[in-house]
1. What residues qualify as long-range amide H neighbours of Lys257, i.e. H under 5 Å apart, gap of 5 or more or another chain, H built at 1.01 Å from N?
2. Could you give each residue of region 251-263 its phi-based ³J(HN,Hα) in whole Hz, using Karplus coefficients 6.51, -1.76, 1.60 with θ = phi - 60°, and x for Gly or Pro?
3. Could you tell me how far the Cα centroid of region 473-542 sits from the Cα centroid of region 150-170, in Å?
4. Would you mind checking Lys563/Lys606; Lys333/Lys560; Lys301/Lys606 for any pair whose Cα atoms are more than 26 angstrom apart?
5. Tell me which residues come under 5 Å, amide H to amide H, from Asp527 once H is placed; ignore anything under 5 positions away on its chain.
6. Tell me the Kirkwood hydrodynamic radius of region 475-604 in angstroms, computed as one over the mean inverse distance between distinct C-alpha pairs.
7. Once the convex hull of the C-alpha atoms of region 446-490 is built, how many Å³ does it hold per residue, rounded to a whole number?
8. What is the gain in length, in nm to one decimal, between Glu17 and Ser434 on full extension, counting 0.36 nm per residue of separation less the C-alpha to C-alpha distance?
Amino acid sequence: MTLTFKKAQWVKYQGREGQVVRIPNLHEVQLRDRNGDLFTARISDLITLDTDRSGRDTRGRPVDSDSAVTARMEAEFRLEVISPLLALGPARTRADVRARAEDRNCGVTTIYRWMQQYEAAGDLTGLLREVRSDHGKRRMPEGVEVMMESLIDRVYLTDQRPSMTSVYTTLLTDIGHANKNRAEGEAVLPVPDFQTFRRRIYGVEERRRLSRRFGERMASTLDPVLAHYPGANYPLAVVQVDHTPLDIILVDSVHRKPLGKAWLTLVIEVFSRVVLGFYISLDSPSGFSVGQALSHAILPKDLWLARHQDSLLSIVKELDPDIEELTWPCWGKPVKLKVDNAREFWGNMLKVACAEYNIDQEFRPVRNPKYGGHIERLIGTTVRQVHTLSGTTFSNPQVRGEYDSEGRAMMTMEALQLWVTAFYLGAYHNRVHSALGVTPLQMWERGLLEGTELHPPTGLPERIMGDRAERLRLNFLPFFEATVQPGGVQHEGLSYMGAVLHRYIKAKDPERPGSARKFVFRYDPRDISQIYFLDPELNRYYEIRCRQPNFPSISIWELKAAKKFAKAQRLRADDDRSILSAYRMMTMISEAEQDKTREARRTEEKRRHRDQAPKLGGVIPVQKPSGTRSALNLFQDDEEVLPFDDIQV
């Protein structure tokens, strides 16, 4: 379920229906009930009355066939057409829509319908439709396309800077001349309308157009500068993500012995500089850590914050004694996601998820640090603050001197997560930012509710909740594609099978009957005892467990370590049972060495942290195999894992 906030929208608060009248701040709205009485409601407690305004049902749509791929391309085209209008928010006028309709050669009514469908569904599925047979094909003959491209390159993209109209007139003359002198039997070349020619010009990259017509100096105005990031004129216009190791030695939660450093994946909103979300892990940066940080950034964090309010306040009081309550009213889907060129940002998971939620993923130019200055500055601020904690390693051995980092270490992973949250919410969000002149939280609120000279107020971002929130978390998990065989689905040497897969065993691709059909499976690297199958007909995720009964919850890194251990010990590790045997033997040795080696303690702490992580919702669960058969009950479950209603930072 998504919940957006617009004037005149109907919502429900504690069983009472009301229409939005005013949004005075980030935490409350003023409503008018059906009797005309005004009342105030907390945003976090609102429920939409119109969860399926589009009336569309996409559950029966195949998601992996060629026709579905083509339909998705069509939906992405529609999204590209309406994206500039969606970004305008409440400032959008009918004149804007009419201009966009002319520019993209679409009807005004059509664009309004597309916007309504997208806003109703909340993601790309609202724009799906049956595929046109000629979609993706240019309607002009090749000869006309060549003439247009030649004129654009030779005439329009020059420092003479002729107008589009004059170049179009030249095109008409050239086509007329070609038709007049065509050979007998040759087809007459059709004349493209002006909008078609205009679209071909706009198909040329904007910086190239400026450079060819106005020179490199003018084109460089599109390049970001340190003082202001181009396009970041309103909240969520541009969001940046980056990683950093935190210069502090952590201790395990049992023996309180050193583990080493953790990694922070941070998400910052450039317009206001607020922290939208983050993820801390003992593992090196990966696509998984990026997905966890982004899903945390996009979704509301009220429930998690309320659950840890007391612990956070005790930390905040040490940073700023005047703060009485912590709030984190920062959430929402970014328009543009700016990332560097690290490997974890190039994966298919992030690419597919960004396309699904209309997020424009953009890579920073190589060797051009000014494009990432905002988040790197905050990372520097965070690391310097970490240097004040007991157990810090400081920035280098020279600065550390004789300080005993391991001997002074005392902070666990959980404590570090709370401290980082308290620092961002209690100190950073409420300090005046030198580049803004106000605090990040004040700038965020100003952009949403008041607007600036550069952009009108955007209103509160939509709140993605319930099943849609769980679906978003799943969509930001890594995935693989595989066929379903009688022995199940194979991944990383393990076999998975569930009742929902039976009908798809040896299934053929509906578009290519001679080829096996591949399906989408997502997984949480922290626990590969189960995967999540996306049923292409129901468009729902189903939990699929490992075929080996009572296979323990192990991470993909532990699985790879078990295979490496088996190879070193000349043991088999080519099926579920042999891998489990190798893992069990490796674990016994690791537990014996746990009190001696840091790596063993680090592995065990990852395992404990994984066991405490909230379980994914939004999937159809399966009943676990019986644990009463002693021969198969190799590992006992410590406790029941409950479903979660928020995301762990």
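What follows is calculated from the coordinates using simple rules that are stated; it is not laboratory data. Just so it is clear, the model here is predicted, and its values are computed rather than measured. Here the Cβ is made from the backbone with ideal geometry for all residues, glycine too, and neighbour counts use every protein chain on show.
1. Asp252
2. 10, 6, 7, 10, 8, 6, 10, x, 10, x, 8, 10, 10
3. 52
4. The pairs that break the limit, which is 26 Å between Cα atoms, are Lys333/Lys560.
5. Ile556
6. Here the Kirkwood hydrodynamic radius works out to 16.1 Å.
7. Considering the Cα atoms of region 446-490, their hull volume per residue is 120 Å³.
8. 145.8 nm
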